[in-house]
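The values are calculated or read from the model by the stated rules, or taken from the named source; none is laboratory data. Quantities reported herein were computed from a predicted structural model and do not represent experimental measurements. All Cβ positions, glycine included, derive from the backbone under ideal geometry; neighbour counts span all protein chains shown.
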Amino acid sequence: MNIDQFDPSDKAAFHGIRPADAQQFFERVDWIAHHFAIETSGLEHIPEGRALLVANHSFGWDVVFPMARIARLLNRQVWVLGEHMWWKVPFVRRWAAAVGVVDGSNENVDRLLSSDELVLVLPGGLREAVKPRELRYKLLWGQRYGFVRAALRNRAPLVPLAAVGTDDLFDAMGNLFTLGSRWLGPFMLPLPLASRLMPAARRAKVHFSFGEPIVPSAEPESEGDPKVLRRLRREVEGALHELIEEELAKRAGIDLT
């Protein structure tokens with residue numbers, strides 16, 4: 001299906017982006033963030049060169065808010081490694097490519113990091129994004145180690161990015177992947193259900209927080225060593241959980257210092 005005249009090469013690094021459209025889009029996103037008091041902190045932790053920004057995933061395109069802050073305050077493009085399925089959805093794929101989403105392939109991440117770019121990865125993917133309420137703020141990364149392999153291969157620091165508040169906007173009901181595959185066939189889209197009768201998001205304070213970069217100590221050749229991969233991924237997971245816990249504790253009035 002190519003009703004939107006999408007060129008498959010547009011999902012490759014540097015190909016599909018339209019800088020003018022991306023700038024206009026992120027300016028609008030940043031205005032929305034200001035209007036709804038969506039906060040982003042810790043930008044000082046982002047290195048000047050290459051880096052992998054590793055975030056927990058909530059429903060929606062919530063990561064556009066820290067991307068907009070980086071674009072405005074650091075004047076840098078953030079490239080997002082997108083799910084393979086997005087490139088099957090007409091019009092959405094053209095918009096995604098225009099603002100900096102690329103296919104989540106090894107070729108793309110290596111090309112971007114080797115050019116000292118910022119790359120954002122959501123290891124949990126859609127399964128983490130549409131998790132039920134009982135699993136709020138849990139990292140559902142399964143056996144995904146590709147991002148730590150990429151960090152090792154490209155000697156890139158990993159910067160944890162915690163999103164807090166986004167998991168409170170919707171309540172997922174049932175197995176959304178099962179519903180999506182049954183009702184939407186080849187697109188395999190999850191079906192989110194709002195937590196209330198009205199299809200509007202619940203009000204919640206949203207805060208994005210960047211943590212200190214984690215610099216891999218192992219050599220690039222160790223990307224095939226399971227022990228090295230597990231140790232590095234656990235370090236990133238731990239840093240991300242700590243950022244989330246600090247913000248949740250602050251909201252509950254608990255001092256962790």
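Within the range 92-117, the residues that satisfy the criterion of being in contact with a strand residue (DSSP E or B) (Cβ under 8 Å, 6 or more places away or on another chain) and either under 20 Å from Q24 (Cβ atoms) or β-branched (V, I, T) (or both) are A96, G100, V101, V102, V109. Residues in the range 43-70 that are touching a strand residue (DSSP E or B) at 6+ places or on another chain (Cβ under 6 Å) and among the basic types (K, R): R69 only.
When restricted to residues that are touching an Asp or Glu at 6+ places or on another chain (Cβ under 9 Å) and among the aliphatic types (A, V, I, L, M), the range 59-72 contains 2. Counted as qualifying within the range 1-104 are the helices (runs of 4 or more DSSP H) with 1 or more residues that are within 20 Å of E247 (Cα to Cα), namely 19-35, 64-73. Against the condition at pLDDT below 85, loosely packed, with under 14 Cβ neighbours inside 10 Å and either touching a strand residue (DSSP E or B) at 6+ places or on another chain (Cβ under 6 Å) or not hydrophobic (A, V, I, L, M, F, W, C) (or both), how does G174 come out, does it pass? So G174 fits the description; yes. Summed over the range 1-23, residues that are modelled with pLDDT of 90 or more, surrounded by fewer than 16 Cβ atoms within 10 Å (Cβ to Cβ), among the charged types (D, E, K, R) and under 20 Å from M85 (Cα atoms) total 0.
Is it fair to say V206 is farther than 30 Å from R230 by Cβ, in contact with a Leu (Cβ under 9 Å, 6 or more places away or on another chain), among the aliphatic types (A, V, I, L, M) and modelled with pLDDT of 85 or more?
Yes: the conditions hold for V206.
Residues in the range 109-130 that are of a type in the set (D, E, K, R) and under 15 Å from the mean Cα position of the chain (by Cα): R127, E128.
Go over the candidates P90, P66, P132 one by one and state the one that is surrounded by fewer than 22 Cβ atoms within 10 Å (Cβ to Cβ), within 22 Å of D21 (Cβ to Cβ) and not hydrophobic (A, V, I, L, M, F, W, C). Reasoning before the result, please.
Numbers: P66 fails: surrounded by fewer than 22 Cβ atoms within 10 Å (Cβ to Cβ); P132 fails: within 22 Å of D21 (Cβ to Cβ).
Every option except P90 fails the conditions.
Among the residues examined, A51 does not qualify as buried (at least 22 other Cβ atoms within 10 Å of the Cβ) and touching a Lys or Arg at 6+ places or on another chain (Cβ under 6 Å).
Here is a list: P90, P47, P132. Which entry is out of contact with any helix residue (DSSP H, G or I) (no Cβ under 8 Å at 6 or more places or on another chain) and closer than 16 Å to P160 by Cβ? Before you say what the answer is, go through the steps one by one.
Working: P90 fails: closer than 16 Å to P160 by Cβ; P132 fails: closer than 16 Å to P160 by Cβ.
The unique qualifying residue is P47.
The set of residues from the range 47-87 being among the aromatic types (F, W, Y), in contact (Cβ under 8 Å) with a residue 40 or more places away in the chain and farther than 19 Å from V29 by Cα comprises just one member, W87.
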